[in-house]
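The values are calculated or read from the model by the stated rules, or taken from the named source; none is laboratory data. Predicted model only: the values in this text are computed from it and were never measured. Cβ placement follows ideal geometry from the backbone for every residue including glycine, while neighbour counts extend to all protein chains displayed. Heads up: the accessible areas ignore ligands, DNA and RNA and are worked out on the full protein's heavy atoms, side chains in. Shrake-Rupley method; radii C 1.70, N 1.55, O 1.52, S 1.80 Å.
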Amino acid sequence: MIVDLRLCACGSGLRLARCCQMDFSVGPPAGVSGPLAPTVQRAVERHAQGAVEEAERLCLEVLELVPTQLDALSLLYRIRKAAGQQNATQVLLRRIVQLHPNTLWATHELTLALFAKGAVAEAEIHARNTVRIAPENPQSHNLLGMIMTEANRPRIGEYHYRKVIELTRGRDPIVLANLAWNLRNQGRMAESRALYEEASAAAAEVLQTWLGWARLEEADRNVERAAELLDRAEQLAPGNPSVMLTRAVLCGRAGSYAQAVATLDAMVKAPGIAGPDGADQAGAGHANGGLGANELLEKGRLLDRIGRYDEAFAAFAEGKRLAREVTGLGYLEEHATQLANRLKGFFTETRLSILPRARPRQDMAQPIFILGFPRSGTTLVEQTLSAHPRISAGDELPFVNEITDAMVRVLNSPLAYPEALAELWMGDRRHGLDELRDYYLERVRQLEIVEEGAAWFTDKMPLNETHLGLIALMFPRSPMIHVMRHPLDIVLSTFSNHLTHGFYCSYALETAARHFALTMELVEHYRGQMTLRYLPIRYEDIVDDQEAATRRMLDFIGEPFDERCLAFHENRRYARTASYAQVTEKLYDRSRYRYRHYLKQMEPAIAILEPVIKRLGYPLD
């Protein structure tokens with residue numbers, strides 16, 4: 001095994017990846033009889049001699065006769081990867097993994113390829129399989145740790161990174177830096193800082209460690225220290241685009257927006273950012289001045305802050321176009337629509353009247369569900385509420401989504417969610433909601449997020465309102481606070497950030513608008529069919545009268561007002577969202593009705609959202 005240490009750029013910051021290039025030397029074919037064995041062996045020998053075209057031809061001859069022959073497939077993959085044929089190599093990897101599911105190197109490579117293009121959910125499937133195949137292989141655990149961290153499940157990622165340390169019986173500086181980044185994403189800043197110190201002392205030449213450490217200090221509001229660490233990174237790699245991007249983020253955090261934009265403009269002359277397989281992570285970014293998708297979005301947000309709105313929107317649009325091109329991802333509208341229709345078809349007043357409800361638990365803290373579309377203000381609400389001594393911050397908990405998948409197994413149903421809930425009418429399944437509730441609460445207990453003395457914890461997973469009916473069945477007494485904001489502000493903000501929630505709807509302006517409209521229609525359906533402990537609250541009202549809005553939310557929850565909730569910006573917990581920097585500032589109103597600067601560009605979204613905007617009582621000027 002040859003280990004290579006490389007850096008990836010991702011939406012929320014820097015992802016440190018220890019990427020493994022396996023030894024693909026192909027030996028004599030196993031289990032192949034007749035004339036094919038010598039043909040494969042000759043292909044291997046000719047490839048070793050540099051006769052690549054002949055080796056490829058021989059592989060194709062073998063595969064024409066026996067399409068499943070592993071050694072020929074492996075050598076063909078190696079040849080086409082060296083030629084830079086990314087699409088062809090991914091097709092070959094899929095074929096190898098499908099035909100030979102216990103082939104570890106191919107599963108590793110497919111996982112990395114999917115992760116590099118942003119297909120995190122699919123990469124997770126294969127990463128889990130690498131651990132099943134080789135539970136004592138450090139790279140298998142490293143891959144799963146990397147993916148779980150990126151998928152906003154850092155506690156699971158931490159387990160697998162620590163498993164790497166256990167299996168290797170050492171403290172590899174890159175693994176330590178990976179773990180440090182994971183802990184930073186959990187808000188465990190002191191532990192993360194200690195690991196960065198150890199990693200940098202052991203291998204001071206590793207650029208990624210200094211960059212990750214600088215981003216930790218920036219997130220922990222230590223701007224001067226972040227700048228010092230960034231200087232160290234720049235000494236190692238002058239003009240490196242990852243260093244320049246981090247410098248721009250830091251300038252923006254310090255309020256030097258013009259300087260931040262100038263730094264991003266200077267990246268036009270810099271080389272592209274290397275991805276985990278050595279490829280240019282920016283993809284077609286060279287055609288756009290050298291900036292990749294995430295850099296363009298960052299530039300657009302900085303241009304917005306200094307009032308250069310036309311340029312900002314152009315940067316957003318180009319960033320999203322590039323993201324679609326590089327990742328191949330886009331709104332899964334058919335899947336989203338089908339799910340919404342099935343939910344509306346199942347959750348009807350007639351069915352709900354005869355469905356049981358889970359019994360409330362009295363022995364542990366209970367959830368407060370903060371509902372809302374991405375970028376609606378849910379992080380602000382969580383920071384406000386979690387400043388209360390009786391409310392712990394849970395952040396974005398994926399457990400409701402997990403339950404929609406686990407339901408088939410728990411209820412032993414031949415049907416998928418939501419139709420599987422029909423099992424609750426059976427005598428031996430009538431307590432199924434208690435089991436689903438306990439699954440959720442046990443997962444919370446494992447995360448140890450409930451602080452001593454807390455009666456509540458928050459769950460602000462974006463778009464949990466899609467499953468509002470299921471939540472109400474499992475937790476009929478739990479408060480549901482739905483954060484509203486002008487739909488055009490929400491859609492504009494999702495368009496200006498790298499987000500994957502909502503079936504990848506934010507990859508285009510119009511699809512973000514369509515998914516918002518679909519989601520709000522589903523919420524209206526739930527509210528019309530069942531009784532809910534539901535409080536809609538406007539982001540704009542929080543900005544207008546913070547204390548009144550905070551009192552209203554705490555009264556709804558059933559907790560007394562606490563002055564600390566008004567100083568949410570002093571809440572030292574790290575918010576693992578794109579809003580992490582904003583919620584460290586005092587309440588401001590610059591994001592309210594921000595869409596007005598982009599009325600012309602927003603016309604396609606306005607046409608889609610106008611009925612929702614009017615129904616919610618927002619202006620359209």
**Study point:** Relative packing of peptides 183-190, 335-342, 403-410, 118-125 - highest average C-beta neighbours within 10 Å first
**Key:** 183-190, 118-125, 403-410, 335-342
Study note, to complete from the structure: Of the accessible area of the chain, computed with a 1.4 Å probe and all protein chains kept, carbon and sulfur make up a percent value of 50 percent
Point to revise | Spherically averaged projected area in nm², based on the convex hull that wraps the Cα atoms of region 141-236 | key: 5.5 nm²
Exercise for review: In whole Hz, with x marking every Gly and Pro, tabulate ³J(HN,Hα) for region 354-359 from phi via Karplus 6.51 cos²θ - 1.76 cosθ + 1.60, θ = phi - 60°.
Suggested key: 10, 7, x, 10, 5, 7
**Study point:** Computed lengthening from Glu547 to Arg527, 0.36 nm per intervening residue step minus Cα-Cα distance
**Key:** 4.5 nm
Revision key, fill the gap. The summed charge of the Cys565 Cβ neighbourhood (under 13 Å; Lys/Arg +1, Asp/Glu -1) stands at -3
Revision key, fill the gap. Rounded to one decimal in nm, the spacing of the 7 Å Cα→Cβ label points at Gln362 and Leu236 is 5.7 nm
Practice item. Could you state the accessible area per residue of the chain in Å², with a 1.4 Å probe and every protein chain left in place? Key: 41 Å²
Exercise for review: Please compute the Cα-Cα pair-distance distribution of region 384-446 with 10 Å bins starting at 0, giving whole percents from short to long.
Suggested key: 20, 43, 22, 13, 2
Check your understanding: Taking region 458-528, which chymotrypsin sites (Phe, Trp or Tyr not before Pro) meet the DSSP loop condition and have no more than 12 other C-beta atoms within 10 Å?
Key -> none
Revision key, fill the gap. Within region 136-185, DSSP-loop GluC sites (Glu not before Pro) with at most 16 other C-beta atoms within 10 Å are Glu136
Review point. So how much slack lies between Arg162 and Arg342, counting 0.36 nm per residue of separation and subtracting their Cα-Cα distance, in nm?
Key: 60.7 nm
Check your understanding: Give or take rounding to whole Å, what are the principal axis extents of the alpha carbon atoms in the chain, in descending order?
Key -> 77, 65, 50
Practice item. Could I have the simple spin-label model distance between Leu104 and Ile354, label points 7 Å from Cα toward Cβ, reported in nm to one decimal? Key: 5.4 nm
Check your understanding: Relative to the present Cα-Cα distance, how much length would full extension add between Ala204 and Ala227 at 0.36 nm per residue of separation?
Key -> 6.6 nm
Point to revise | Segments 375-383, 611-619 sorted - mean Cβ within 10 Å per residue, highest first | key: 375-383, 611-619
Study note, to complete from the structure: Rounded to the nearest whole number, the Stokes-Einstein translational diffusion coefficient of region 464-552 at 37 °C and 0.692 mPa s (Kirkwood radius, C-alpha pairs) in µm²/s is 227 µm²/s
Revision key, fill the gap. As a Kirkwood estimate from alpha-carbon pairs, region 312-367 has a hydrodynamic radius in angstrom of 16.0 Å
Check your understanding: In nm, to one decimal, how far is the Lys600 label point from the Ala262 one, both placed 7 Å along Cα→Cβ?
Key -> 2.8 nm
Practice item. Sum up the charges of everything whose Cβ sits under 10 Å from the Cβ of Met148, counting Lys and Arg as +1 and Asp and Glu as -1, but leave Met148 out. Key: 0
Exercise for review: Could you calculate the FRET efficiency of Asp438 with Leu616 from 1/(1 + (r/R0)^6), where r is the beta carbon distance between them and R0 is 35 Å, rounded to 0.05?
Suggested key: 0.45
Exercise for review: Pull up all non-local amide H partners of Met484: gap of 5 or more, or a different chain, and H-to-H distance under 5 Å with H placed in the peptide plane.
Suggested key: Ile537, Arg538, Tyr539
Review point. Put +1 on the Cβ of each Lys and Arg and -1 on the Cβ of each Asp and Glu in region 153-222; which of Leu216, Leu179, Val206 then has its Cα farthest toward the positive end of the dipole?
Key: Leu179
Practice item. For every helix of n ≥ 4 consecutive DSSP H residues, a contribution of -39,500 (n - 2.57) applies; sum these over the chain, divide by its total residues, and give [θ] at 222 nm rounded to the nearest 500 deg cm²/dmol. Key: -17500 deg cm²/dmol
Review point. If contacts are Cα pairs under 8 angstrom and at least 6 residues apart, what is the relative contact order of the chain in percent?
Key: 12 percent
Practice item. Give the long-range amide H neighbours of Tyr618: residues separated by 5 or more places, or on another chain, with amide H under 5 Å away, using H modelled in the peptide plane at 1.01 Å from N. Key: none
Practice item. Tally the DSSP beta bridges in the chain and give the antiparallel ones as a percent, rounded to 5. Key: 40 percent
**Study point:** Which listed pairs, of Lys163/Lys320; Lys344/Lys614; Lys460/Lys600; Lys320/Lys460, have C-alpha distances above 30 Å, in listed order
**Key:** Lys163/Lys320; Lys460/Lys600
